1. Check whether at least one residue in segment 78-87 is modelled with pLDDT of 85 or more and assigned to a loop (DSSP other than H, G, I, E, B), and report yes or no.
2. Looking only at segment 166-217, count how many residues are of a type in the set (A, V, I, L, M, F, W, C), at pLDDT below 80, within 24 Å of N109 (Cβ to Cβ) and in a helix (DSSP H, G or I).
3. Looking only at segment 33-50, which residues are part of a helix (DSSP H, G or I) and within 14 Å of P10 (Cβ to Cβ)?
4. Which pairs turn up if I take residues in segment 41-59 that are without any contact (Cβ under 8 Å) to a residue 60 or more places away in the chain and look for partners that are part of a helix (DSSP H, G or I) with beta carbon separation below 7 Å, at least 6 apart in sequence or on another chain?
5. Within segment 78-112, how many residues turn out to be free of Cβ contacts under 8 Å to residues at least 12 places away in the same chain and either among the acidic types (D, E) or surrounded by 23 or more Cβ atoms within 10 Å (Cβ to Cβ) (or both)?
6. Just for segment 250-273: of the residues that are surrounded by 14 or more Cβ atoms within 10 Å (Cβ to Cβ), more than 16 Å from the chain's Cα centre (by Cα) and at pLDDT below 75, which one is nearest to L107 (Cα to Cα)?
7. Exactly one of these conditions fails for R13: (1) free of Cβ contacts under 8 Å to residues at least 12 places away in the same chain; (2) charged (D, E, K, R); (3) touching a strand residue (DSSP E or B) at 6+ places or on another chain (Cβ under 6 Å). Give me its number.
8. So Y91 clears everything in (1) part of a helix (DSSP H, G or I); (2) at pLDDT 90 or above; (3) farther than 26 Å from Y141 by Cβ except one condition, right? Which one?
Amino acid sequence: MLLNDCQPLPLLRDTDVPPRVKENFILTGYRFPNYSLRDCLLSAFRPTNETGNFWTHFLPVFVFFYYFVEAFGWEGAPHGDAPFFYPFWTYFIGVFCLLMASSMAHLLNSMSLVVREVCFFVDYGTISAYTVGSSLAYYYYIHPQAGIVETGNHNGSHMALEHEPREAVTSSYAIPEFSVFFETFYIPSACMVAIICILSCCNTRQRWRKHRYVIRTLVFLLPFLVSSTPVFYRLLTRSPYSSTSSSFTASDSTSTFFYRHCFWLVVSAVFNISKIPDHQWFHCCTFLSILDDPTLLLPPATLSRLPGPTVASTYGVMLLLQTTIISIIEEMERFAFCEKP
């Protein structure tokens, strides 16, 4: 909303905005909660309480895209639309939607109280979608029966150019008891946990508001534990490669990326729970954890018995999940204002 002289409306103090708009420790810089779409977009270029939050999610989109497309230029890599890359694309979809939805939520939430709630419902939904995208990548690239090959790429993803001798790769589980979980329940569990997460997080905007930041942080600990099961398995068992293999050292570096991934997640959780001013530090740490996500790619000529990815098992899963999430958001929006703000 602009004044008659085309000057933007003055920013407000926390005492001048509805209670739902207030953020801990933020005393000024609030936009009036009736901005037009045009005003919201223009506010990205003026210092408000959301400017840093927007840019710390929007700019990483381009950083992530750079490292993502880099994989398709590796020597020996299959074509970008090959089934081999289906899980990689679903992972990209999850990360891209997460970063864009969060940046737009912070930019557009001043249009109205209803739009504000919907923006953050969508934000929570894309976080859930990201965890499932990661799970699909883990399943096909770090599964106990998938080969691990990594040669020090910045984000922990690379493709081996050499082939291991047949005797170097084991296609059996070091812990057979896990076979049923990985083959039957891993992806369904990741999807179910994602749905639980979005339901819980959306409800913290209407109920449990006093402890909403703690609840949201703890809720997303569950999908991390479930989706990271293949990584935990790799860290707790021997490498599938012979100790004399050229890929043994590379596969052994999985722990480095995963520990860094966990470190950034812990730091981001501290920022989120404590609500330390400058919420954008939470965004930065979250993105650094994504860059260190150990989404390792298996070689095209893997000797494992794991069935290859298909459209149904990758894009189909994500489409079904997104449809479910949209339905949940619609229901949450319907009941969002049954209670007084």
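1. So far as segment 78-87 goes, no, none of its residues is modelled with pLDDT of 85 or more and assigned to a loop (DSSP other than H, G, I, E, B).
2. Number satisfying all stated conditions: 2.
3. Scanning segment 33-50 gives D39, S43.
4. That search, which allows pairs on different chains as well, returns T51/A44; F54/A44; F54/S103; F54/H106; F54/L107; F58/S103.
5. So the count comes out to 1.
6. I273
7. So R13 meets the others, but not (1).
8. (3)
The values are calculated or read from the model by the stated rules, or taken from the named source; none is laboratory data. Model, not experiment: these values are computed from the prediction. Ideal geometry is used to build each Cβ from the backbone, glycine not excepted, and the neighbour counts take in all protein chains shown.
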